[in-house]
Structure formats: C-alpha cells, structure tokens
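The next block holds one structure in the form of structure tokens; read it before the comments.
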Protein chains: 4
Amino acid sequence: MIRSELGRSDADHVYVRGFDLAQDLMGHLDLGGMAFLEIVGRRPEPGEAIVFNAMLVALVEHGITPSVIAARVTAYGAPESLQGAVAAGLLGLGSTFVGTIEGSAHMLDAAYGTSNAPIATEAELDAMADAIVADFRARRAPIPGLGHPIHREADPRTTRLFALAQAHGFDGRYVALMRAVARRAAVAYGKPLPLNATGAIGALACELGIPAQVARGLGVIARSVGLVGHLLEESRAPISRDLWVYAESEAERSRP
Amino acid sequence: MIRSELGRSDADHVYVRGFDLAQDLMGHLDLGGMAFLEIVGRRPEPGEAIVFNAMLVALVEHGITPSVIAARVTAYGAPESLQGAVAAGLLGLGSTFVGTIEGSAHMLDAAYGTSNAPIATEAELDAMADAIVADFRARRAPIPGLGHPIHREADPRTTRLFALAQAHGFDGRYVALMRAVARRAAVAYGKPLPLNATGAIGALACELGIPAQVARGLGVIARSVGLVGHLLEESRAPISRDLWVYAESEAERSRP
Amino acid sequence: MIRSELGRSDADHVYVRGFDLAQDLMGHLDLGGMAFLEIVGRRPEPGEAIVFNAMLVALVEHGITPSVIAARVTAYGAPESLQGAVAAGLLGLGSTFVGTIEGSAHMLDAAYGTSNAPIATEAELDAMADAIVADFRARRAPIPGLGHPIHREADPRTTRLFALAQAHGFDGRYVALMRAVARRAAVAYGKPLPLNATGAIGALACELGIPAQVARGLGVIARSVGLVGHLLEESRAPISRDLWVYAESEAERSRP
Amino acid sequence: MIRSELGRSDADHVYVRGFDLAQDLMGHLDLGGMAFLEIVGRRPEPGEAIVFNAMLVALVEHGITPSVIAARVTAYGAPESLQGAVAAGLLGLGSTFVGTIEGSAHMLDAAYGTSNAPIATEAELDAMADAIVADFRARRAPIPGLGHPIHREADPRTTRLFALAQAHGFDGRYVALMRAVARRAAVAYGKPLPLNATGAIGALACELGIPAQVARGLGVIARSVGLVGHLLEESRAPISRDLWVYAESEAERSRP
C-alpha cells in the first residue's frame, strides 16, 4: 500500500505530519526543529530543540574533508549542477565517517536491549562497557565514536554537547554508557581514545528517541549545509584545479 | 592556491568562519542560522533568522514527489546506504523543480543589474515586469517561480513567506518586482500564474544577500531534511515495491 | 604516496596499463575487453572476452526496475543532467540487487579459502554446500545469488552463462560449488531456489580471477549502459509523471 | 502511459528490444554492441561496432582526473558502497568535461538542421565553420570539442578515431564540419586548438545516428568502466588519505 504520514497538500494547504505548514510551522520552527518533526513525529520541546540543533550544528563544518574534496572537484566538472556536487559530497558519509553515529547508536541500543532500566551504578556501567570493548576487540573492529585524527585528547564538540545535554536533562543512561565505553576502551587499548562528536551524537540520538537507523541521517543533513557553503567558496576561490594538478604530478613523479 | 575561510581545526578547537564552533555556535545557533553563517559569512540578525528559517522550512516536505520516489526506490535496492538514497533524491533538484529558486534569483538580479535603486513606483515595476515577461515569452521559456500544479490560485507558502518578510522588513525591491512579474504574466498569458514557493524564496534570497548561484542550495539543504524523514518512513512502511509492481504491470499491459 | 598504474598521458600519448591507448587498444578491443583490462590488468583471451562480455550483457537490461525508476524520475526533475540521472539509478545497486554478485563471489572465495584444490567430488561439493546453507540459515540471511521474483524455475541468463562458460573452459570449481549451493538450498528450504544471474556472474567472476570486492562493479558498469538507454526513452516517451501522479493519488486514497 | 520498448521478461525469458537476451544477445554481442542496441535500437553492423567501441574505449581512462579523485575520496569514506563511489565520479561529467560530446553533437546537428545535404565543398564547410566560430566568440563561449590541457598539438585519440571512421566509411559530413571548425577556430583565435576526443566523438555520434541528447551518455558509460578500475586500485594502493592531508596542510599553510 502506498501511504505516507509525512506530507500532503490540497489547493490551499500543505500539511506536514498533520500541521498546516504555512500557518503552524513556517515562522515558528527553525530548520532543526523541522528535522526533529520529520524524524520524531512531533515538534521538539525547547530543551530538545537546543540539544538537537547543537548536534546538527556540530557536524556542519570541519574544513577540507574528503567529502568536501569530492563535492568541489565534482563542481569543477559540472558547475551547472549544484545538487550533483552536494550529492557527490554526501556519498562519502559511510562507515568511515558519519556512519559511526549510526554505529554508536546501534551499539548502545543493543546493550540496553528492550530494558527500560535507568542509569546503572558506575560498576555496572563499567561491566557493560567492558563487554562491549571485548566484543569489538575480538572482532578486530573499531569501536564506533571513539578516536579522532586531530582531536587526540578530547573532541571539543563532545565536551560542549554533553554540557548542553546536562543543562537540559538529556544526560541519561546512553550518555553514561558511551562515556564508560570510552573510559574502558582507553584502558583496554592503553592509549587515549577520545569520545568524538559522532559518538556523542549517537548517544544523544538515543536519548532523544531518534531511531538508530536514521542517526546517520543527522550527519547527512548537517553536511549538506556545509557542502553548500564550500561550493559557494569553490565558485569564488577554487581549489579543485590545484588538487588535480597535484595528484597528477605526484602520480607522474612516483612512476617506477 | 588551496585556501578556505570556512573551517579549520586544531587539537582543541574547531573554528567556523572565525567562530569557535563549540563555544560560540553550538547551543547558540540553530541549523538554519548555521546555514546562514556558512553562506552569507556572518550570523543572522533575529529577523533574518526567522525569515531564512521559514524559507528553508517551506521546502522540506511536499509529499511523495519525484525526488522522494527516487530516494525510496534507491533505499529498496541499497538499504545499507542512507547517504546514497538521500543523494539519489537530491539529484532530481534540477531545472524543473528547485532550480527555479536560482532561476528567479538570477532573473531579479539581472533586472536590477548593478543599480542600487530602491523600490520603484508601481508603474516602473510593471514596465520592468513586462520586459521580463516579454523576454521569456519570446524565448518560449517558462518564467521561473510562477505556476504550480496543485496550488493553482495561490501557493500558501508564498503568502506566509511574504507576510514574514514584511513583518521583519525584508519586503524590498526584489519582492516587489517578483510580485509584479507574477501579476503581469497573468495578464500576458490570460490565466492565473501564482507565485510559487520557489519564486518567493528566490526573491527573498536576493533580499537577504544570498548569491543567486547558491540559491538552489537552499532547496538542496531543505530537501535533505525531508528525504531523511521519508527514508525513515520507508523503512517502516515501504512503498517502493508497490511502485515497482505498478510500473512493471502497467508496462506489460500497454504493450502493443 | 600518490601512484597509479592505470593511466597516464603526455602530449602525444595516452597510456592505459602500459598500452598505447590509441594504437594498441582503440580499434582492437571492445568495451568489455577494456573493462577486463582495467580490472584484471591484461587483455582478455578470446574465450575470456566472450564469457566476460556475456556476463556484462546479461546485466544491462531487465525492464522498469527500481534502479530505472530512480533514474527516470531524476531526469524528470533535472533533464539537463544526464550524469545525475544515471548516478541516481546506480545508487540502488546495493545489497538487495547486484550486491549479490559480490556476496556470492565472497561466499565462494571464503569456501575455498587459500586452497587451490580442483573440483571436488559431488559428495564433497554437497558437503561444502550444506555447510554454507546451514551457516546462512543460522544467521537468517538470504543466500546471495539464489531466487528470483520472476524467473521462479530457472533464470535463462544463468543457463546461457554456464553454457558459454563450459564451451570456453570456465566451468571450474566455483561454478560447481555455486550449482551445489543452489541444489542443496532447494532441499533445505523445500522450495525451488533458482540460481539467478547475479549468482552465476559471482561464480564466473571467481573463475576469471576478478576480485570479489569489485564484482559488484560488473553490475554497475552494465547498468550504466541500460540506464542511458532508459533515459533516452524517457526523453521521448516519459513515464515519470504518470508514476508521480499514481503515487500521490494512491497516498491520498489510503489516508485514514 | 507507462510503456517501454527496451526490456521485459516472463518466467523463462528476458527480452531486450525484441531480442531474446539469453539466446540472441549473450555470447553474440559485446558490451559496446549492447550499448548500441540500447541507444540506436538495432544491433550494430561490423564497421559500426568497431567505430562505436573505439569511441567508448577512448573515454575509459585518462589518469587521475577530477572524476577519479571524487570517486576515490568517496570510497575512503564509504568503502562498503562501490556504487556510491562510482556515482560520485560520474557526477562531475558535466559541462566542463564530457558534456562537450553533447555540445559538439548539438553544434553540428544545428548547423545542418533538417537538411540531408551531403558533404559540401571545402569552401562551403569553411563558411559554415566560420559562422559557428563567430557565434561562439560573440557569446564568449568555448567551442565544445576543441582544446586540451595536455594534448596541445593533437589529441592522439582523435587521430585514431578519424582513421577508424575513414576505414569503415563513417567520415561523413559531420566529421568534415568538425574538422573545419577546428581549423577555422585556430585561425580566428590565432593559436592551435586541437580537436579533442570529445569533439571527435560528438561528430562520430552524429555519423552513427546517436541522438545528441544522449551523446554525453557515451562518456558516462565509458567512465563507469574506468572508475571501477580506479576503485579496485584504491582498495589496494590508496591515494585518498594523502590527498586529504595535502589539501588540509596547504589550506593551513595559506591562512592569512
């Protein structure tokens, strides 16, 4: 059956999840709130709106990443198709980068299962965390949400996100477990493994009731904002041609 | 030269356009405000934030559009790649649909050229509009931002956007000219040609100083939000298989 | 280090894997042979060229699939960007459809491991196949390469591919094991599970020495050919608008 | 009406343009021939097959281009999604690069209009070419199919393509006019403007009866082959991380 509860329209109205788009949403809700409505199915409470927007804002921009490179060189070849360049940039948001939001949300979800238990004691959290760490080590898989090539001690976005979560009452059991995983993983691996922004956002997605299977979507939404910014800059101060020349000349230089 | 003024980071900070992301932006700016910062280069004033967010909110959701169909059937084939399904949905945001935001912004920009003239008299606006309409008619090209298959009398999003623009002081010369174009086109073509949401947003992009070449990007950002919502719904109440079966059976039925 | 052995060029030549593109390849190699050169690193022998081209030809066209729908509705929104419409169509070639080429190739590779054993006895093949079937059943995962919604008894492409493979000496141990898996799975599940084209192609990819991690790429290459065909037809006899109208009217009809 | 003449299937057959895929096409047609069938609607004659395959083979590989960079950095972020990385690479095949195939085909088509005139005299060709060159100069638009950053004197692929075309009887009026355009443009601009591969292929597409609106599709098909080759190499000898590090360190170095 073809059915959707998201949107419909008639000659004089557009309805989104039962709200009149023009009268009830436009002018009342910011874009982050609208994303919350689309995903969670209701408008956010004020505290939710602040934390949820901060999660999205955290992911918008991180300099010239591989995703940004893909978008910019695509615009070099097809400057007439902004949507194509943004799409190219989004296509790299897989398992290596923002897929870890989804990975950490799934990891935390699985740990609690169908239980509704509140935050456990420190010792219980550590035991849950140790089990998670041991499982990933046994599979030689990286723990999603830990580690960062630049923010080696602490990811400043994580610190801020958890402070906002605390201020608005969202530092619940998922945040506690994610913190415990980072703490115990550092012990197990014998090196600092900072909880990065995607891990923090995965935990907060769980706190806000955002399904793990679209947690990656938060990164997709946020990065689409950042990519439009980079494509505007590329149209004014292009870097694609220099990247191309560098790659070709390096490839030529390294020929046997 | 490879250079960017958007973002950079060191071990303890991420900077976006000179702001400390964690301290100055997260918790202070919503996602729409962050998009404004990326594109315009400064944080929005309160009135700008309301109008700009409303422009984005207006474009998030419009039911099961071709873009939504592309995203949903893509998820049917590759459910493991949310980013791929969103990208597929964005790729249709070309000349037929949201490209008209860019088209109307370019049209209005070109009409004023480098002049900084304030709003002209009604008669002068009509003369400018008549010249625009005549030009498009001569080229047999549709005027961007006019007409809608469902909202045949008036697009409710346009009405709301212009009310918000007026309330916050953004109903300037671009809005005035866009209105005049719709009015004069209706006369020239002898039928109602309502100013649709993309035309209104194109005019407001000009008012807010958003470059025409990224005006289409507003639609790309907003639709990425809506597509994530549809992909979550598709994972719970799929429509792709029914669409496929319908298409194949119709194709079989219509064979000569 | 940035290095590539695929292509390079100077003022008067383009070289591909050491061959002079213009003199050695153009006019001598067909597109399938060129794909073989890119992937395997040498030009195909005559028999390899026939089997490899047949594998690609088998995947070009299968009517109005979800991938075709994605491409066509994308072209409706952005008719100016053929590459975007093809990209949208390719994005659905994930785990549900052609990803099964990769899945079956991995499955067969894993079964033989690093052994170079020739074809085993029927009994040994059945034992290997039973182990594979039991493993997928235990994980409640579908066996890649088996089953087809339309070709319920036998996939005609598989029959033809294996006949060509036999005629040219490529019906080795991977084909034998894949056949055994289909046979034993039918017994285990108590229903016919025909070996479909992607399973046959996964097995033949192993026979030809094509790495499993790009086996999915054969489908990507072949479908790009089919999608261009469908986009040309869409520009002449469009179906996108009818699909859109159907989806919207069905969604309206099924509202509670 | 939803209707397609490309493909359909029943339990025992797949039909493509009326042919039985398994019996009539697989094993008889190479991938280039299958592309010809999809686009032109009939199987190619032997000479057509050679020229058409050469056109495709010419476009498969040209080293580490922007399109290849986009595909490779996308695979770095989403290694699990080969189809996404290929799609990212294809999205840059716009107006700057292979869009010129379409551009030159349109240019030549428009010059002859609906006339069926055979090849004109040298003087008539020069006059047609001069009109084309003057038109592009007046619009300050680059002439599609002319010029190459590396092959500054002559593109070796063009030389070979036209030799094959001559050998098989396809050096007709479109090839003649394209050559004349290159010759007259060099005079008008006072510098060598070699006829590049996309210009030659645009002319040959016209000779073979391939509609200009899908001429760009030939590049899309061919590049999908090359991209799969590069993605296999990237999985073995990655360059993406080095490109990222270079871009970020250059951006840091050039900060004011």
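The values are calculated or read from the model by the stated rules, or taken from the named source; none is laboratory data. Please read all numbers here as calculations on a predicted model, not as lab measurements. Methodologically, a virtual Cβ is constructed for each residue, glycine included, from the backbone with ideal geometry; neighbour enumeration extends over all protein chains shown. Keep in mind that these areas ignore ligands, DNA and RNA; they rest on the heavy atoms of the full protein, side chains included. Shrake-Rupley method; radii C 1.70, N 1.55, O 1.52, S 1.80 Å.
How large is the convex hull of the Cα atoms of segment B:1-149 per residue, expressed in Å³ as a whole number?
Per residue, the Cα convex hull of segment B:1-149 comes to 225 Å³.
Quick one: which bits of segment B:48-66 get at least 50 Å² less accessible when the partner protein chains are in, versus the chain alone, with a 1.4 Å probe?
Flagged in segment B:48-66: B:57, B:61, B:64, B:66.
Chains B and A: buried accessible surface, both sides, probe 1.4 Å, rounded to 100 Å²?
So the buried area, both faces added, is about 6700 Å².
Hey, which lysines would be in cross-link range of residue B:191, C-alpha to C-alpha under 16 Å, not counting anything within fewer than 8 residues on its own chain?
Cross-link targets: none qualify.
Alpha carbon centre of segment D:79-133 versus segment D:5-33: separation in Å?
Using only Cα atoms to place each centre, the spacing works out to 30 Å.
Helix-derived [θ] at 222 nm for chain A: sum -39500 (n - 2.57) over DSSP H runs of at least 4, divide by residue count, nearest 500?
Counting only the DSSP helices, I get -19000 deg cm²/dmol.
Give the carbon-plus-sulfur fraction of the accessible surface of segment D:1-44 in %, rounded to a whole number; probe 1.4 Å, heavy atoms of protein chains only.
After summing per-atom areas, the C and S share lands at 41 percent.
Modelling each spin label as a point 7 Å along the Cα-to-Cβ direction, I'd like the residue B:138/residue D:42 distance in nm, to one decimal.
Computed distance between label sites residue B:138 and residue D:42 equals 4.4 nm.
So if I place +1 on the C-beta of Lys and Arg and -1 on the C-beta of Asp and Glu, and nothing else carries charge, what would the dipole magnitude of chain A be about its Cα centre? I want it in debye, nearest 20.
740
Got a sec? Charge dipole of segment A:100-213, +1 on Cβ for Lys and Arg, -1 for Asp and Glu; which of A:195, A:206, A:114 is way out at the positive end?
So the residue furthest toward the plus end is A:195.
What part of the accessible area of segment B:100-213, given as a whole %, is carbon or sulfur when the probe is 1.4 angstrom?
Roughly 55 percent, rounded to a whole number.
Summarise the long-distance tail of P(r) for segment C:1-44 by giving the % of C-alpha pairs beyond 16 Å.
34
Expressed as a rounded percentage, what relative contact order does chain A have, with Cα pairs under 8 Å and six or more residues apart?
In percent, rounded to a whole number, it is 25.
Tell me the Kirkwood radius of segment D:58-133: reciprocal of the mean inverse pair distance over distinct alpha-carbon atoms, in Å.
15.4
Determine one quarter of the surface area of the Cα convex hull of segment B:116-185, which equals its mean projected area, and express it in nm² to one decimal.
5.4
Could you estimate the translational diffusion coefficient of segment A:119-256 from the Stokes-Einstein equation, with Rh from the Kirkwood formula over C-alpha pairs, at 4 °C and 1.567 mPa s, in whole µm²/s?
74
Name all residues of segment C:190-208 having a backbone nitrogen under 20 Å from the label point set 7 Å from the Cα of residue D:13 along its Cα→Cβ direction, giving them as ranges.
Output list for this probe position: C:197.
Where does segment B:9-73 land on the Kirkwood hydrodynamic radius, alpha-carbon pairs, in angstrom?
After inverting the pairwise mean of 1/r, the radius is 13.8 Å.
Per the Kirkwood treatment, what hydrodynamic radius in Å, one decimal, follows for the protein assembly as shown from the mean inverse distance over all distinct Cα pairs?
One decimal place: 29.6 Å for the Kirkwood radius.
In nm², what is the average projected area of the convex hull enclosing the Cα atoms of chain C?
Quarter of the Cα hull surface area: 19.2 nm².
Could you work out which residue, out of D:198, D:159, D:100, moves most in a Gaussian network model of chain D, that is, has the largest mean-square fluctuation with Cα springs under 10 Å?
For chain D, modelled as a Gaussian network with Cα springs under 10 Å, the answer is D:159.
Using a 1.4 angstrom probe, figure out how much accessible area the protein assembly as shown has per residue, in square angstrom, rounded to the nearest whole.
36
Give, ordered by residue number, each residue of segment D:242-256 whose 1.4 Å probe accessible area is reduced by a minimum of 50 Å² on adding the remaining protein chains to the chain alone.
By number: D:242, D:243, D:244, D:246, D:247, D:248, D:254, D:255.
Per q in 0.20, 0.25, 0.26 Å⁻¹, report the Debye log10 I(q)/I(0) for segment A:212-256, using one uniform scatterer on each alpha carbon and no solvent.
With one equal scatterer per Cα and no solvent, log10 I(q)/I(0) is -0.73, -0.83, -0.86.
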